[in-house]
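First up is the structure itself, then whatever we jot down about it.
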C-alpha cells in the first residue's frame, strides 16, 4: 500500500510540475468562508477572483514580460475559523506556493495568518474590519473593502446635518461587540453635535423590542440608529418603531442590511430610512457586474464583491508593470504606485498611512442611500472626509 | 411622549405577551394536571405551530384563520401520536417521562434547524395599520393577537366545562383511579389531553409569528416563561395559568419600559420568588395533601 502511495504521489508531482512548465500558470488563492453563515461573503470573494481570472483568460492569459499566464483559482474554505484558515493558508503557501491571495475574510482568521503571510511575502486582500489587519508590520496585507471606522464618521456627520437630528436613540445587543458599537456610535454622534439620549442593551435572542422602544421613544428622540444589529433584528426594529408611531428618520450606519430590512419591515415602514451603501447601484459598470455575477452564481450579489474584483485587477496591472508574477516585493511596489486606477467602483487609490501607518487601504467612494418605495436610492456620495 | 401614553403602551404590550404566556401555560398545566408529565417539548410545539402558520399563510395564501385551524389540527394530531408512542411507555415513571420530553424537544428543534435552517424568517402582518385613539396608537396586529387568544381560551374553557369529554378530563385530573371506576377510558383521555395541550401551544406560535418572526429557536423563551407562569399560578391549575400568564406579561412589560431590558429580567424573577414566598403553592394552586 505504502509503495503504491509513493508511486502515485511521485507521478502526481511529476504531472503537476510538467504541467506548470508547459502552460505558464499563475495561481491565485482564495481563502474565504465557503460554507455556513459567512458564505455570502465568501462567495462574493471567490466570484470576484473567478470573474477577474475569466477576463484575462478569455484573452489568452495575462501578459507579463512577454509571456502569457493562464490564471488558475485555488480556493479553500476557512469555515470562518482562525485555526482552519491558518491550516488552509499554510497549504497555500507551502504546498501550492501561491504568492497572491484573495482573503482572509474575518478578523480572527486575518490576525491568525498575517504573521505567516508577512514572513512568506504573500500579498493578501482581506475583508477583515479589525484595525489590526493593516499595520506597518504587515507589509503585504491589503484591504479593498472600506471598514466601518472609515465610513461611519462622514456618514453620521452628513445625516446629522442634513436631517437636523439632535437627539438620537439606539438599541444594541448586550455583548462585547454590541457594547463596543454602542460606545463608538455615541462618540461619533456627539463629535458632530448630536446627543445620544437613549441607549439600551438587550439579549440577542430577544424579539419583542416594543417595551424597550417605548422607553427610547419616551426620551423624545429625533432619529434612531440601527448600527450593531444583525440584519433581521434591524428589520424587526424598524417594523416595531413604526408600529409605535415613530415617523422620524431611522439610520443604518453599519454593514449592508437593506435587503433584510425591506423584507422584514415592508415597504411602508421603510420610508425615511437611511442606509450605508458600499456601491452605487445606479452605476452602469456595477449593474453590468451584478448581472454577470448573478447569472453565473445564481445568487444575489453581495456588495463587497466588486471591491475584490477591483483589487485583483489592480494586482494584475501591478504584475504587468513590474514584469514579474513571482516576486511579490516588486508587485507590491507597483501596486502601491497605482494612482487614480480606473475600476468599476470609479477611480481608486491607496490610503491609510495616518490611521494605520500602512498605506494599503483601498479608497473608493461610498454612498448614503434612502429607502423609497421599497428600493434604495443614493442620496449622497462620500469620501473618508465628507459626504455630499 | 408623556406618561399616559407610556402607561397605555405598557399595558398593551403586557397584554400581548401575557396572552401568549397564558395560552402556553394553560396547555402546559393541563398536561401536568392530567398526566403528571412536565412537557419540556412544549416550546417546540409552539415553534412547529409558528412554522405551520408561516408556510400555510405565506405559500398557500389562505385566510389566516384557516392557517390557525390547520396549525392546531396538524400539531394536535402530531402531539397525540407523540404521546401514544413516546410518552405512554413512561406513564408510571415521572422522571423518565420528563427525560423523554426533553429528548423530544432536542430532536424537534434540531430537526427544524436541519429542515428549515437557523435563520429567522419574517412573516407578513395579517392586518396592518394602527388604531389611533386620541394620542394613543395601538397596532392592529397586536390587538388581533389579544382578541384571538381570548376567543381561543373561551372555546377551550367551554369545552372543559360543558362537554362530556371536558368533564372526563377534569375527572382524570382529580383522581385517575376513581375516574377509571366511573368508566372513563383513561387511555383515550391521555393522548387527547396531550394533543389539545400542544394544539394550544401551536395556536400561540402561529398567532405570534407575524408579530415577531419564525425560527427554530422561537419556542425557547415562551417555554421557559410558561414554566414560570405555571409555578406562579399553581401547578395544574388552569385559572392559575391565566392569572399567572397575564401577571407575568404585565410585570415584564412594565419593568422593561421603566427600568430597561436587563433590570426587567432580574425584577421579573425576583417578584415571582417574592410571590412564591408568600404563597408557596402558587397564586391559585392548592397544597397537595
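Here's the yes/no breakdown for (1) away from chain A (no Cβ under 11 Å); (2) buried (at least 22 other Cβ atoms within 10 Å of the Cβ); (3) within 16 Å of residue A:245 (Cα to Cα):
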residue	(1), (2), (3)
B:5	no, no, yes
B:8	no, no, yes
B:14	no, yes, no
B:22	yes, yes, no
B:31	yes, yes, no
B:36	yes, no, no
> Which residues, counting only those in the stretch A:224-245, are within 24 Å of the chain's Cα centre (by Cα), more than 11 Å from chain B (Cβ to nearest Cβ) and free of Cβ contacts under 8 Å to residues at least 60 places away in the same chain?
Replying inline: A:225, A:226, A:228, A:229, A:234
> Only one residue in B:220, B:246 is touching a residue at least 60 places away in the same chain (Cβ under 8 Å), under 13 Å from the mean Cα position of the chain (by Cα) and within 14 Å of chain A (Cβ to nearest Cβ), so which one is that?
Replying inline: B:220
>> Taking the criterion of being surrounded by fewer than 18 Cβ atoms within 10 Å (Cβ to Cβ) and at pLDDT 85 or above, would at least one residue in the stretch A:238-245 satisfy it?
In response: no
> Counting only residues that are out of contact with any strand residue (DSSP E or B) (no Cβ under 6 Å at 6 or more places or on another chain) and part of a strand (DSSP E or B), which one in the stretch B:88-138 is modelled with the lowest pLDDT?
Replying inline: B:136
> Quick check: anything in the stretch B:175-188 surrounded by 13 or more Cβ atoms within 10 Å (Cβ to Cβ) and either closer than 22 Å to residue B:22 by Cα or within 14 Å of chain A (Cβ to nearest Cβ) (or both)?
Replying inline: no
> So which residues in the stretch A:182-223 are within 14 Å of chain B (Cβ to nearest Cβ), part of a helix (DSSP H, G or I) and under 30 Å from the mean Cα position of the chain (by Cα), if there are any at all?
Replying inline: A:182
>> residue A:256 - would you say it is more than 9 Å from every other protein chain (Cβ to nearest Cβ), under 26 Å from the mean Cα position of the chain (by Cα), more than 20 Å from residue A:174 (Cα to Cα) and surrounded by fewer than 21 Cβ atoms within 10 Å (Cβ to Cβ)?
In response: yes
> Are any residues in the stretch A:324-357 surrounded by fewer than 19 Cβ atoms within 10 Å (Cβ to Cβ), on the phi > 0 side of the Ramachandran plot and touching a strand residue (DSSP E or B) at 6+ places or on another chain (Cβ under 6 Å), and if so, which ones?
Replying inline: A:340
> If you go through the stretch B:139-167, how many residues are within 13 Å of chain A (Cβ to nearest Cβ) and outside any strand (DSSP E or B)?
Replying inline: 6
> Just one of the numbered conditions (1) touching a strand residue (DSSP E or B) at 6+ places or on another chain (Cβ under 7 Å); (2) at negative phi; (3) buried (at least 23 other Cβ atoms within 10 Å of the Cβ) is not true of residue A:96; which one?
Replying inline: (3)
> Hey, among B:27, B:43, which residue is in a helix (DSSP H, G or I) and under 20 Å from residue B:157 (Cβ atoms)?
Replying inline: B:27
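The values are calculated or read from the model by the stated rules, or taken from the named source; none is laboratory data. Just so you know, these numbers come straight off a predicted model, no measurement behind them. Because the Cβ atoms are built from the backbone with ideal geometry, glycine has one as well, and the counts that use them run over all protein chains shown.
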